[in-house]
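Here's the structure, in structure tokens; my notes come after.
Any read-out appearing in this document is the output of simple, stated calculations on the displayed coordinates, not a laboratory observation. Here the structure is a predicted model, which is why all the values come from computation and not from measurement. Using ideal geometry, Cβ is built from the backbone for each residue, glycine included, and neighbour counts are taken over all protein chains shown.
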Amino acid sequence: METEKTIRILIAKIGLDGHDVGAKVLIFWLRDQGMEVIYTGLRQSVEQVVEVALQEAVDVIGVSILSGSHLSIAKKLMKRIRERDLDDVLVIFGGTIPKDDVAVLKSAGVHGVFPSHSKLEEISAFIKRNVKHGGGEEKCP
Amino acid sequence: MAKKTGEAEVRPVVSILGTPVKCFYGPEDLTDFDYKEKLNDPGEYPFTRGVYSTMYRSSLWTMRQYSGQSTSDSTNERFKYLLKNGQTGLSLAFDLPTQIGLDSDMPLAEDDVGKLGVAVDSLEDFERIFDGIALDQISTSFTINATAPIILAMYVLVAEKQGVEPKRLRGTIQNDILKEYIARGTWIFPPEPSIKLVGDLVEYCNREIPRFNAISVSGTHILEYGANTVQAVALAISIAEVYIREVLKRGSHIDEIAPLFSFHLPIGGRDFNFFEDIARLRGARRYWAKLMKEKYGAKDKRSLQFRFSTGGMGGGLTAEQPLNNITRASIYAMAAVFSGTRSLNLACFDEVYAIPSDLAIRTSLRVQQILANETGVADVVDPLGGSYYVEKLTDEMEAKIGEIIGKIESDGGIVKLIESGAIQRELARQSYAIQKRISSGEKVLVGVNKFKVKEEERDLEVYKTDPETINRQLQRLKAVKESRDRQKVENALQELESAAGRGDNLIPYLFEPLTAKATVGEIIDTLKKVYGTFKEPTTV
């Protein structure tokens, strides 16, 4: 990374899934890597999450879903992100995600998919590698 | 007490309690050991060796696999499949909207309808689940908490239709809301009215459905959230005491209600240690017996018996080389049997990917059947009793359970720690610590950080939810709403709201709305008007 700008991340629980310890473990890890992380709490809608992402000018949205509803939620989220001109935001999904669904998520526009038991190092490395530079409030049009 | 180790280097081992583990144990580790006081025979106070004298020689543990499919008819089909394959009890999982009181057609529900279990919107769905299954012939376990009163009322109504009286119903309803705030997130109301509802259900079962376990206090989810194996048991007991106090203050006697309490405790998981897991459950039995007798003045033997089922935890299973999970689960199952479990639900080898396939569920059931029928492990009660090591560990575990519970009490009690988010914060931190130990390789996970294979093949057949589920469920819900008398529903809900306002036991007020085809979501919305909703504390 040539820039010293701190990466800002929103970790979100969308839908009704209440299993959030994986999300919290990731939050601790990303903060230990020097990133700024905001957590939405449980039971958020796609609209709420995208609004927070806008207000907080985040570079990354990470969605944690263990309830099996990742496909439909991803489609709605990516649509909303495009509508709100957040195309520069890096979107990653994690949770109980079967192998076959990884490609489906990616074709829906999700940048990175990290099924349960993915290594924390892999996730932070992926973020550092793929986050768009000059994100956040200094974002170019 | 240092032993000569000869020239060989000795690998240091530390227990979950943080104490160094010796290479072997002997009589010097059990000074002042009094058999009658510490162990006694199985079925005798303090029940260290087991709650019954003959255990599996009289009846095997109940082999129960968690199951529940997207819709009521597919669940019914699965139940019949499992009964045909020799399963002896049913276990029902609900989808998330049902668990948190949303109908399938409500906002925020749509992505989760029929995903993790069956969708129940109205009594009709429930009738379909148990169609052709005689409720006086089986026992059913319901994994449901915030909406437990509604589900129990539905079960009573379905039984009534079959001509089965409530007092003949057997089973267990989880009804343990406090751990939902800690670990699983299916809360609806704030803790106080939620605890009140737990009490309503216990009180009602005591009166009307005495053979039903009105509560199953669960340590399993707390373990998955990051608690270690001892904390998971201690927190469950601490939570149970909150419910016990709730019912006692209504004038019940401890011996009326304590026998209705059962526990669902973890075996296995990321911190699994065969002997520690067993010792902590033996220690918990002794702790509970003393607690009930000395603190609450219980006299009835059944109040003193710490009865638990065990869940072989998915948290210890790995995505890498998934067939290894069958081996792991087999060892968890063996530990559960040595612990004297009354019922066992074993995580399936493909659970890391999705809800289990038929093959995976059957394999978990077969593991249990092999243990019961081919190995001899079920022939003698508490076969580890008297082992220097296991007895020493059991003493330490019992003491640790007491210490953890004492600390919770001196910190203001478990409810306060939940409301402030303190306990959630501590456990999530611990989970992170374990994860880092796995990442660094300090904690070995076969196939993950040691003995890895390249080019991992992960082609498992995984169960897929039928995408038509939601449409079918929405059509049914629509039909139910069109077929009912709106005024009757309104009146019944009004009655319910008044009863909630008065603080009455709510269970009797649920039958009218359900019979009038009020939905789960409508009933919960009615109660929200009185109780409000929980606001999550900030924990990270």
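Cα-Cα over 22 Å: which of B:Lys36/B:Lys290; B:Lys36/B:Lys407; B:Lys249/B:Lys517? Kindly include the intermediate steps, with their values, before the conclusion.
Values: B:Lys36/B:Lys290 14 Å; B:Lys36/B:Lys407 29 Å; B:Lys249/B:Lys517 34 Å.
Checking Cα-Cα distances, B:Lys36/B:Lys407; B:Lys249/B:Lys517 exceed 22 Å.
For all pairs of alpha-carbon atoms in the stretch B:370-411, what percent lies in each bin of width 10 Å, listed from the first bin to the last filled one?
The percentages, shortest bin first, are 24, 27, 27, 17, 5.
Pairs of Cα atoms under 8 Å, at least six residues apart: use those to get the relative contact order of chain A, whole percent.
Values: 225 pairs, mean separation 37.4, N = 141.
Relative CO of chain A lands at 27 percent.
Hull surface divided by four, with the convex hull built on the Cα atoms of the stretch B:337-403: how many nm²? All intermediate terms of the calculation are to be shown ahead of the outcome.
Details: hull surface 26.5 nm².
In nm², the orientation-averaged hull projection of the stretch B:337-403 is 6.6.
I'd like the orientation of helix B:148-162 relative to chain B: the angle between its Cα long axis and the longest Cα principal axis, in ° from 0 to 90, rounded to 10.
Roughly 70 degrees between the two axes.
Taking each residue of B:470-476 in turn, how many C-beta atoms of other protein chains fall within 10 Å of its C-beta, and what is the average? Provide the component values of the computation, followed by the final result.
Working: counts 1, 0, 0, 0, 0, 0, 0.
Per-residue shielding by partner chains comes out at 0.
So if I place +1 on the C-beta of Lys and Arg and -1 on the C-beta of Asp and Glu, and nothing else carries charge, what would the dipole magnitude of the protein assembly as shown be about its Cα centre? I want it in debye, nearest 20. Don't skip to the answer; put the middle values down first.
Values: 87 positive and 95 negative charges, 182 e Å.
With Lys and Arg at +1 and Asp and Glu at -1, about 880 debye.
Can you tell which of B:Ala329, B:Met397, B:Ile150 lies farthest toward the positive end of the dipole of the stretch B:60-440, using +1 and -1 charges on the Cβ of basic and acidic side chains (Lys, Arg; Asp, Glu)?
B:Met397
If you average the C-alpha positions of the stretch B:327-385 and of the stretch B:438-454 separately, how far apart do those two centres end up, in angstrom?
24 Å
Please list, or write none, the lysines whose alpha carbon is within less than 20 Å of the alpha carbon of A:Lys5, excluding same-chain residues fewer than 8 places away.
List returned: A:Lys128, A:Lys132, A:Lys139.
For the stretch B:86-134, just list the percent of Cα-Cα distances falling in each 5 Å bin from zero outward, please.
The distribution over the stretch B:86-134 is 5, 21, 27, 22, 13, 8, 4, 1, 0, given as percents.
How far is helix B:72-84 tilted off the main Cα axis of chain B, in degrees rounded to 10, range 0 to 90?
40 degrees
Evaluated at 20 °C with a viscosity of 1.002 mPa s, what Stokes-Einstein diffusion coefficient in µm²/s does the stretch B:177-252 have when Rh comes from the Kirkwood expression over alpha-carbon pairs? Walk me through the intermediate numbers first.
Details: Rh = 13.0 Å.
Answer from the Stokes-Einstein relation: 164 µm²/s.
Can you tell me the Rg and Dmax of the stretch B:107-189, counting just the alpha carbons, in angstroms?
Calculated on Cα positions, Rg and Dmax stand at 13.9, 40 Å.
Could you give the size of the charge dipole of the stretch A:8-134 about its Cα centre, using +1 on the Cβ of each K and R and -1 on the Cβ of each D and E, expressed in debye and rounded to the nearest 20? Before the final figure, lay out the partial values.
Numbers: 17 positive and 16 negative charges, 36 e Å.
Computed charge dipole of the stretch A:8-134: roughly 180 debye.
For A:Val113, what residues show an amide H to amide H distance below 5 Å, using hydrogens built from the backbone and excluding near sequence neighbours?
Amide H to amide H, under 5 Å and 5 or more residues apart or across chains, A:Val113 pairs with A:Phe93.
Can you show me the helix-derived [θ] at 222 nm for the protein assembly as shown, built from DSSP H runs with n ≥ 4 at -39,500 (n - 2.57) apiece and divided by the number of residues, rounded to the nearest 500.
On the way: 24 runs with 294 residues, N = 681.
Value at 222 nm, helices only, nearest 500: -13500 deg cm²/dmol.
Over all pairs of distinct alpha carbons, what does the Kirkwood formula give as the hydrodynamic radius of the stretch B:386-513, in Å?
22.3 Å
Could you pull the Cα extents of chain B along its three principal axes, largest to smallest, in whole Å?
84, 60, 48
What number comes out for the charge environment of B:Ser104, summing +1 per Lys or Arg and -1 per Asp or Glu over other residues with Cβ under 12 Å away?
Values: positive: B:Lys115, B:Arg472, B:Arg476, B:Lys478, B:Lys481; negative: B:Asp95, B:Asp103, B:Asp105, B:Glu110, B:Asp111, B:Asp112, B:Asp121, B:Asp125.
Charge balance near B:Ser104 sits at -3.
At 4 °C and 1.567 mPa s, what whole-number value in µm²/s does Stokes-Einstein give for the translational diffusion of the stretch B:307-433, with Rh from the Kirkwood sum over Cα pairs?
Numbers: Rh = 17.3 Å.
In µm²/s, the coefficient is 75.
For Cα pairs less than 8 Å apart in space and 6+ apart in sequence, what is the mean separation divided by the residue count of chain B, i.e. the relative contact order in percent? Don't skip to the end; give the middle numbers.
On the way: 936 pairs, mean separation 100.8, N = 540.
Across chain B, relative contact order equals 19 percent.
Once the Cα atoms of chain A are picked out, what are the Rg and Dmax in Å?
13.7, 39
Mind jotting down the three principal axis lengths of the stretch B:53-106 based on Cα atoms? Whole angstrom, largest first.
Here the Cα extents, ordered largest to smallest, are 51, 24, 9 Å.
Of the cross-linked pairs A:Lys119/B:Lys450; B:Lys80/B:Lys481; A:Lys13/A:Lys106; B:Lys400/B:Lys443; A:Lys24/A:Lys79, which ones have a Cα-Cα span greater than 21 Å in the structure shown?
Numbers: A:Lys119/B:Lys450 14 Å; B:Lys80/B:Lys481 29 Å; A:Lys13/A:Lys106 19 Å; B:Lys400/B:Lys443 23 Å; A:Lys24/A:Lys79 26 Å.
Beyond 21 Å between Cα atoms: B:Lys80/B:Lys481; B:Lys400/B:Lys443; A:Lys24/A:Lys79.
How about B:Lys436: which aspartates and glutamates have a C-alpha closer than 20 Å to its C-alpha, ignoring those fewer than 8 places off in the same chain?
Partners found: A:Asp20, A:Asp32, A:Glu36, A:Glu121, A:Glu122, B:Glu224, B:Asp271, B:Glu320, B:Glu426.
About the Cα centre, and with charges only on the beta carbon of Lys, Arg (+1) and Asp, Glu (-1), how big is the dipole of chain B? Nearest 20 debye, please.
Values: 68 positive and 75 negative charges, 192 e Å.
For chain B, the charge dipole is close to 920 debye.
In the neighborhood of B:Ile182, defined by Cβ-to-Cβ distances under 15 Å, what is the net charge if each Lys or Arg adds +1 and each Asp or Glu adds -1? Kindly include the intermediate steps, with their values, before the conclusion.
Values: positive: A:Lys24, B:Lys179, B:Arg184, B:Lys416, B:Arg425, B:Arg429; negative: A:Asp20, B:Asp176, B:Glu180, B:Glu224, B:Asp411, B:Glu419, B:Glu426, B:Glu536.
Neighbourhood net charge equals -2.
If you average 1/r over every pair of different alpha-carbon atoms in the protein assembly as shown and take one over that average, what Kirkwood value in Å do you get?
Details: mean 1/r = 0.0383 Å⁻¹.
Computed over Cα pairs of the protein assembly as shown, the Kirkwood hydrodynamic radius comes out at 26.1 Å.
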